[in-house]
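Read through the structure below, which is laid out as structure tokens, and then see the notes.
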Amino acid sequence: MRRAFLAVLRRDLALAARAGGGGELALVFFLTVVVLIPFALGPDLNLLSRIGPAILWLGALLSTLIGLDRLFQADEEDGSLELMRASPLPLELAVFAKGVTHWLTTGLPLALAAPLLGLLVALPAEAILPLVASLIVGTPALSFIGASAAALTASLRRGGLILPVIVAPLTVPVLIFGVSAVDAARGGPLPAGTPLLILAAITLCAIVVGCIAAAAALRQSE
């Protein structure tokens, strides 16, 4: 079972590296959002610094949605999903492997790019490390929430159009506590570690529930 899980993980990582576009497009879109919103707000650096964490987290959410509709749709089209259903590896673990791949190719690069983009929104130095920590802890939740929605729309021809409508409301708690973790490091009312712990709990719940829900949706569409 471990060998089958690693095989799915290696296959998806190899396909992501060979095809390209997903992680790179997400980074470009992230940069675009973070650059354009300050232009719309004007030259008020205090306002920009105050809402900077929200801008970065919103950019991360929107960037995560790029290519999410192809997470299972490509496997549905080429027949790989049928092999996964018939393999001895539980479908929940296959979904977990694909969610980890999505995070490694999308969420993790966004978190690593956040310090540089934080300078564009006048984020103070003491908030950079909490920002990166919150993105590393919280972006897996975005990937697995998105995975469950992608599984629901895998068999739909235009499923990518309704995917953001399904995902966006479910990610509100992630955004709230992700931004709160950065605000707490800048002297907010909460201790700095409390939002991060809550965010970690949300991520763990999202991984478990997301894998089970996505596997159930894929079995239902069989």
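The values are calculated or read from the model by the stated rules, or taken from the named source; none is laboratory data. Keep in mind that this is a model prediction, so the values were computed, not measured. Backbone-built Cβ (ideal geometry, glycine too); neighbour counts: all protein chains shown. Just so you know, the surface numbers come from the protein's heavy atoms only, side chains and all, with ligands and any DNA or RNA stripped out. Shrake-Rupley method; radii C 1.70, N 1.55, O 1.52, S 1.80 Å.
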Exercise for the section: Return, for the Cα atoms of the chain, the radius of gyration and Dmax in Å, separated by a comma. Expected result: 17.9, 58
Exercise for the section: Calculate how steeply helix 45-64 sits against the longest principal axis of the alpha-carbon atoms of the chain, using the helix alpha-carbon long axis, and give the answer as 0 to 90 degrees to the nearest 10. Expected result: 0 degrees
Fill in the blank from the handout: Cα-based Rg/(2.2 N^0.38 Å) for region 123-172, rounded to two decimals, is 1.51
Practice task
Return one whole number: the accessible area per residue of the chain in Å², for a 1.4 Å probe.
Solution key: 48 Å²
Problem - Acute angle (nearest 10 degrees) that the helix 22-41 long axis makes with the longest principal axis of the chain, alpha-carbon atoms - result: 30 degrees
Exercise for the section: Can you find, among PRO169, LEU120, VAL35, the residue farthest towards the positive end of the dipole of region 2-219? Put +1 on the C-beta of Lys and Arg, -1 on that of Asp and Glu. Expected result: PRO169
Practice task
For the chain, find the longest principal axis of its Cα atoms and tell me its angle to the long axis of helix 193-220, 0 to 90°, nearest 10.
Solution key: 20 degrees
Fill in the blank from the handout: Length-normalised contact order of region 2-219, Cα under 8 Å, at least 6 apart, in percent, tallies to 26 percent
Exercise for the section: Please list 49-58, 102-111 highest first by mean number of surrounding beta-carbon atoms within 10 Å per residue. Expected result: 102-111, 49-58
Completion exercise
Eigenvalues of the alpha-carbon gyration tensor of region 1-95, times 5 and square-rooted, give semi-axes in Å, largest first, of 39, 13, 11
